[in-house]
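Chemist: Next up is a structure, given as structure tokens.
The values are calculated or read from the model by the stated rules, or taken from the named source; none is laboratory data. Small disclaimer: the values here were computed from a predicted structure and weren't measured. Here the Cβ positions follow ideal geometry from the backbone for every residue, glycine too, while neighbour counts run over all protein chains shown.
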């Protein structure tokens, strides 16, 4: 009996590894793509493909079987097109991991951002900031007004003051400098988000989905502060918590060790 088991393992160990690998890949692929714009399309295609395959095999429909085999390559290309934003974000996350990361942020910059953000929150002044890391977001910077000056609390407060021409839009920070203001960020189209999230929060999520940038959002209605990164949102920060979390994300890498999946979709509240 033991010899038979050992012989079986020797003959089929590679098949077992392939099955485990595919199962893990499919599971994490499902977790990554669920809630995205193409998730329903992928589900519909999978159901249609499996149904046609089973019917063609059971009824021995040779023409349909040949068509399914011939269309497999075109289907793969179609999936790449459908999931292009998600695949680009996944590759950006891989390339911007701590091993490859070269971006540095000064501790003084984090202090300036923290002071400015909580000053804006105390006045319930809406704000949206994106801190560029390894993935360039120059295309979004070009949608706004070029500034390119050293970051300061006074400048951030002036930009987001409601009466100024630059307050409506996002600010982009690169290498401890404000490079542009009044920028237009992509709006997240995820279907599993809290419906209380407004356009400012969805824009913060959108820029974090398109790149590895860290987005900071100040709610105009409640003064609540949120951090968006890697397509996730964390809300309800106090000054000490905010500075610590921002330091983890900018000074220690990508902050994966501190991620809490419960923060991705918090309980519904009044945050817009």
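Chemist: I'm checking my understanding of the structure. Among residues of region 161-177 that are assigned to a loop (DSSP other than H, G, I, E, B) and touching a helix residue (DSSP H, G or I) at 6+ places or on another chain (Cβ under 6 Å), which one is nearest to residue 220 (Cα to Cα)?
Modeler: Here is the first cut: in region 161-177, the residues assigned to a loop (DSSP other than H, G, I, E, B) are 161-169, 175-176.
Remaining after also requiring touching a helix residue (DSSP H, G or I) at 6+ places or on another chain (Cβ under 6 Å): 166, 176.
Numbers: 166: 16, 176: 25 Å.
Checking each candidate, the answer is 166.
Chemist: Right, another one. May I ask you to list the residues in region 198-218 that are farther than 20 Å from residue 141 by Cβ and surrounded by fewer than 24 Cβ atoms within 10 Å (Cβ to Cβ)?
Modeler: 198
Chemist: Still on this structure, I have one more. For the condition modelled with pLDDT of 85 or more and either touching a helix residue (DSSP H, G or I) at 6+ places or on another chain (Cβ under 7 Å) or in a loop (DSSP other than H, G, I, E, B) (or both), what is the one hit in 191, 267, 234, 154?
Modeler: Details: 191 fails: modelled with pLDDT of 85 or more; 267 fails: modelled with pLDDT of 85 or more; 154 fails: either touching a helix residue (DSSP H, G or I) at 6+ places or on another chain (Cβ under 7 Å) or in a loop (DSSP other than H, G, I, E, B) (or both).
Every option except 234 fails the conditions.
Chemist: Another question, if that's okay. Within region 81-112, how many residues turn out to be within 24 Å of residue 210 (Cα to Cα), at pLDDT 75 or above and in contact with a helix residue (DSSP H, G or I) (Cβ under 7 Å, 6 or more places away or on another chain)?
Modeler: Going through region 81-112 one residue at a time, the tally reaches 1.
Chemist: Residue under question is residue 139, and the condition is that it be within 18 Å of the chain's Cα centre (by Cα), assigned to a helix (DSSP H, G or I), assigned by TED's automatic domain parsing to the domain that holds residue 227 and modelled with pLDDT of 90 or more; does it hold?
Modeler: Numbers: within 18 Å of the chain's Cα centre (by Cα): yes; assigned to a helix (DSSP H, G or I): yes; assigned by TED's automatic domain parsing to the domain that holds residue 227: yes; modelled with pLDDT of 90 or more: no.
Taking the combined requirement at face value, the residue does not satisfy it.
Chemist: Could you look through region 40-63, keep only residues that are surrounded by 14 or more Cβ atoms within 10 Å (Cβ to Cβ), without any contact (Cβ under 8 Å) to a residue 40 or more places away in the chain and part of a helix (DSSP H, G or I), and pick out the one that is nearest to the chain's Cα centre (by Cα)?
Modeler: First pass over region 40-63, keeping only residues surrounded by 14 or more Cβ atoms within 10 Å (Cβ to Cβ): 41-42, 45, 49, 52-53, 56, 61.
Filter once more, keeping what is without any contact (Cβ under 8 Å) to a residue 40 or more places away in the chain: 45, 49, 52-53, 56, 61.
Now restrict to residues that are part of a helix (DSSP H, G or I): 45, 49, 52-53, 56.
On the way: 45: 24, 49: 29, 52: 35, 53: 35, 56: 40 Å.
Here the residue is 45.
Chemist: Would you check which residues across region 157-168 are under 18 Å from residue 207 (Cα atoms) and at pLDDT 90 or above and list them?
Modeler: Passing the criteria: none in range.
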